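The values are calculated or read from the model by the stated rules, or taken from the named source; none is laboratory data. These figures come from a predicted structure and were not determined experimentally. Cβ placement follows ideal geometry from the backbone for every residue including glycine, while neighbour counts extend to all protein chains displayed. Note: accessible area is taken over every heavy atom of the protein model, side chains too, but ligands, DNA and RNA are not part of it. Shrake-Rupley method; radii C 1.70, N 1.55, O 1.52, S 1.80 Å.
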Amino acid sequence: MRKSRPGGKVYLVGGGPGDPELITVKGVRALREADVILVDRLIHPALLNYARPGADLVHCGKSPGSPGWNQEAINRLMVKHARAGKTVTRLKGGDPFVYGRGGEEAQVLAGHGVDFEVIPGITAGIAAPACAGIPVTHREYGSSFALITGHRKQGAEEELRWNHLARGVDTLAIYMGVKNLPYIREQLLSHGKSPDTPVALIQWGTTGAQYTVTGTLGEVIDLARQHEIKSPTMIVIGEVVRLREQLAWFENRDVTKKEKA
């Protein structure tokens with residue numbers, strides 16, 4: 001196992017859910033120190049203003065259904081630059097270890113003897129509901145929540161335990177689920193979730209383009225079609241969605257703050 005040259009290191013950085021002000025101070029430091037920055041697709045462009053002059057910016061985002069960078073190429077690039085003694089910041093949306101393939105990338109780096117550090121970020125499963133006025137936990141409405149991916153690795157066996165999700169978890173926050181929304185709805189209803197369960201669809205959460213639609217599990221497919229909901233959208237299912245009517249602060253912000261976001 002080869003070791004990277006002295007000084008070579010990779011930072012796996014969570015860039016937050018979309019609002020550029022929601023990156024951590026430590027994440028900003030990693031951007032400022034980087035020789036090479038590998039940028040994911042949904043990263044806000046303003047975050048790249050933290051890059052030092054002369055840093056090599058590589059846009060390696062992967063769009064669903066479109067040709068582009070594959071994970072193996074990204075892995076090779078991280079290892080290559082680290083072994084050359086460079087500081088590499090892998091800038092990922094949300095949190096690196098929450099549906100961001102950060103765990104897979106860390107495994108590759110560890111396997112090649114590359115020094116790395118994980119800098120957590122705010123994940124959309126918490127931040128998007130918060131900006132929509134929906135707390136994922138509340139003593140009166142729900143004390144448990146689950147973060148779920150709306151799609152699985154191609155060819156992988158279905159592992160989601162729909163019976164437990166439908167009956168045993170108060171709040172579901174579903175990533176990347178718009179395309180499979182009919183299947184998700186069908187599974188939850190067939191395993192006992194009430195069609196009257198409140199649902200929120202939060203498109204482009206935390207950004208100036210945030211758009212939120214609420215309804216019930218029974219009508220969610222029609223709502224998504226009617227409002228032309230597209231990715232990226234966070235799907236929130238549970239009684240906590242009822243609090244949005246009272247707590248919807250984001251849409252009532254000062255205009256200057258909206259423009260800043």
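Could you identify the single residue in 45, 20, 120 that is open to solvent by 10 Å² or more (accessible area, probe 1.4 Å), touching a His at 6+ places or on another chain (Cβ under 7 Å) and within 30 Å of residue 212 (Cβ to Cβ)?
20
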field: Subset of the range 184-230 [among the hydroxyl-bearing types (Ser, Thr, Tyr), surrounded by 16 or more Cβ atoms within 10 Å (Cβ to Cβ) and assigned to a loop (DSSP other than H, G, I, E, B)]
entry: 197, 206, 207
query: Taking the condition under 22 Å from residue 137 (Cα atoms) and among the small types (Gly, Ala, Ser), does residue 238 pass?
result: yes
task: Go over the candidates 133, 85, 100 one by one and state the one that is in a loop (DSSP other than H, G, I, E, B), open to solvent by 10 Å² or more (accessible area, probe 1.4 Å) and either within 30 Å of residue 199 (Cβ to Cβ) or of a type in the set (Val, Ile, Thr) (or both).
output: 100
message: I need every pair where a residue in the range 105-127 that is assigned to a helix (DSSP H, G or I) has its Cβ under 9 Å from the Cβ of a residue that is open to solvent by 10 Å² or more (accessible area, probe 1.4 Å) and basic (Lys, Arg), sequence separation at least 6 or different chains.
response: 108/76
query: What is the one condition in (1) in contact (Cβ under 8 Å) with a residue 40 or more places away in the chain; (2) at positive phi that residue 81 does not satisfy?
result: (2)
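Conditions tested, residue by residue: (1) within 26 Å of residue 250 (Cβ to Cβ); (2) in contact with a helix residue (DSSP H, G or I) (Cβ under 9 Å, 6 or more places away or on another chain); (3) at pLDDT 95 or above; (4) aliphatic (A, V, I, L, M).
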position	(1), (2), (3), (4)
40	yes, no, no, no
46	yes, yes, yes, yes
81	no, no, yes, no
99	yes, yes, no, no
106	no, no, yes, yes
109	no, yes, yes, yes
115	no, yes, yes, no
118	no, yes, yes, yes
130	yes, yes, yes, yes
message: Any residue at all in the range 143-155 that's at pLDDT 95 or above, in a helix (DSSP H, G or I) and within 14 Å of the chain's Cα centre (by Cα)?
response: no
task: Given the conditions (1) under 18 Å from the mean Cα position of the chain (by Cα); (2) within 17 Å of residue 8 (Cα to Cα), report the number of the one that residue 122 does not fulfil.
output: (2)
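For residues in the range 23-42 being of a type outside the set (A, V, I, L, M, F, W, C) and within 19 Å of the chain's Cα centre (by Cα), which is surrounded by the fewest Cβ atoms within 10 Å (Cβ to Cβ)?
Ranking the qualifying residues of the range 23-42, first place goes to 26.
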- prompt: Since residue 160 meets every condition but one in (1) buried (at least 17 other Cβ atoms within 10 Å of the Cβ); (2) of a type outside the set (Lys, Arg); (3) at pLDDT below 95, which condition does it not meet?
  reply: (1)
statement: Selection from the range 159-214 of residues without any contact (Cβ under 8 Å) to a residue 12 or more places away in the chain and within 22 Å of the chain's Cα centre (by Cα) yields 159, 161, 183, 209
